[in-house]
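A short write-up of the structure that comes next.
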Amino acid sequence: MTRASFRGHIGHLVQLNGPVTALTSLATRLGVAPGELGSLTDLDATSLATLDAAVAAALASDAKAVAAGIEATLRLVPFPLRGRAAKALGV
Amino acid sequence: MSALLSRVEVEKLADDLSVPAPSLAALEELSVEAIRSLRQQVQHARYVAHEKRLRRLAAMSKMAPGALAAKIAQHALGPELSARVAAQLEPAQAAALTKHVKPDFLADIALALDPSRSAAVLAAIPDELVIKVGRLVLKRREYVVLARFCASFPTDVALAAIADATPLEVLTIGMYTEDDQAISNITLALAQDRLAAMGEEALAAGRLDDLVALLSKLSPAALQHADVLPARKPEIVARAEELGFPDLFG
């Protein structure tokens, strides 16, 4: 995502969501209670949305990388063993 | 706590999230502890999101011969994923795997490695290789990574890795290092002429605030060792007071 498109994305999110929503969203992404992000309540809606979007992008990027890595790993496993390897990897 | 140190923490968070630091500038209003806690929460969330699959990849690496495991790391997983899988490996196995991959790839892995989850693995890697990889990371100017690196290895290993760092690079690495004891030990081991050069160049480059950030982390003994610019000391002390570090030199 380019810096300009990232800003555009954030602007759109801020229009849709207020600070409370962004905080709740971030807490959900991080797997914590909103109260555990207490100090972030001082931030304005745009800043919270920016942070939430950055975390979301990182998590999405991780998920994509893990899926691609598993797929590529299987391609390197000799064909006769690939079925067992896929099972071991939970594919 | 100083806004200066909060800025440094925000830069590290931005580095973790691969976003420009200015996009997170609003976080600089928070305390250092709050930003550091947020960064740890982000790291933890990213880790647990794929923990099960990473464990499975690690289990597969354990079963594969070393050469195949290395091939999988380099050609299928890539450095970021390999760094996460490495944290799941037995230290001896991870050390054995390093024999099959090039130092350049290990440097790529180092950029993504979480030392808090990989301490046992890092401890199993021979010092010579650690130093070689550290020098490659320095060439890439990855100072946040080097700061983690310096806090994860013995002082002599860290010093050897950054032996070719310029004075301003030493300043940057020190500023980013979270482990105050580690950066104090490194400071004590640095020659005073090198510390003087770092101070002079920091002032010449308009990086007085960064110099104060570094000095504020040092133990009394390290601070005394780093007290090498008597002519510029009043200027440094005055700025330290402005930034919330009264009595910097005691």
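Would it be correct to say that B:L77 is at pLDDT 90 or above and facing chain A (nearest Cβ under 8 Å)? It is true that B:L77 is at pLDDT 90 or above and facing chain A (nearest Cβ under 8 Å). Would you check if A:S47 is surrounded by fewer than 18 Cβ atoms within 10 Å (Cβ to Cβ), without any contact (Cβ under 8 Å) to a residue 60 or more places away in the chain, over 15 Å from B:M60 (Cα atoms) and among the hydroxyl-bearing types (S, T, Y)? For A:S47, the condition - surrounded by fewer than 18 Cβ atoms within 10 Å (Cβ to Cβ), without any contact (Cβ under 8 Å) to a residue 60 or more places away in the chain, over 15 Å from B:M60 (Cα atoms) and among the hydroxyl-bearing types (S, T, Y) - is not met.
For B:K52, the requirement of being basic (K, R), under 17 Å from B:V85 (Cβ atoms), part of a helix (DSSP H, G or I) and facing chain A (nearest Cβ under 8 Å) is met. I'm checking my understanding of the structure. Among residues of the range B:38-49 that are part of a helix (DSSP H, G or I) and over 17 Å from the mean Cα position of the chain (by Cα), which one is surrounded by the most Cβ atoms within 10 Å (Cβ to Cβ)? Here the residue is B:L38. Starting from residues that are modelled with pLDDT of 95 or more and of a type in the set (K, R), keep the ones in the range B:103-140 and report whichever is nearest to B:L188 (Cα to Cα). This residue is B:R135. If you go through the range B:218-245 and keep only what is over 24 Å from the mean Cα position of the chain (by Cα), of a type in the set (A, V, I, L, M) and assigned to a loop (DSSP other than H, G, I, E, B), you end up with B:V228, B:L229, B:A231. On the stretch given as the range A:28-52, residues that are facing chain B (nearest Cβ under 9 Å) and within 10 Å of the chain's Cα centre (by Cα) total 2. In the range B:14-28, which residue that is touching a residue at least 24 places away in the same chain (Cβ under 8 Å) and within 9 Å of another protein chain (Cβ to nearest Cβ) is surrounded by the fewest Cβ atoms within 10 Å (Cβ to Cβ)? Per the stated criteria, the residue is B:D16. Of the candidates B:A161, B:A123, the single residue that is over 22 Å from B:A213 (Cα atoms) and under 14 Å from the mean Cα position of the chain (by Cα) is B:A161. Could you tell me whether any residue of the range B:105-125 is out of contact with any Ser or Thr (no Cβ under 6 Å at 6 or more places or on another chain), hydrophobic (A, V, I, L, M, F, W, C), within 23 Å of B:K217 (Cβ to Cβ) and buried (at least 22 other Cβ atoms within 10 Å of the Cβ)? Yes, the range B:105-125 has at least one match.
The values are calculated or read from the model by the stated rules, or taken from the named source; none is laboratory data. Treat the numbers as computed from the prediction; the structure is a model and nothing was measured. Virtual Cβ from ideal backbone geometry, glycine too; neighbours counted across all protein chains shown.
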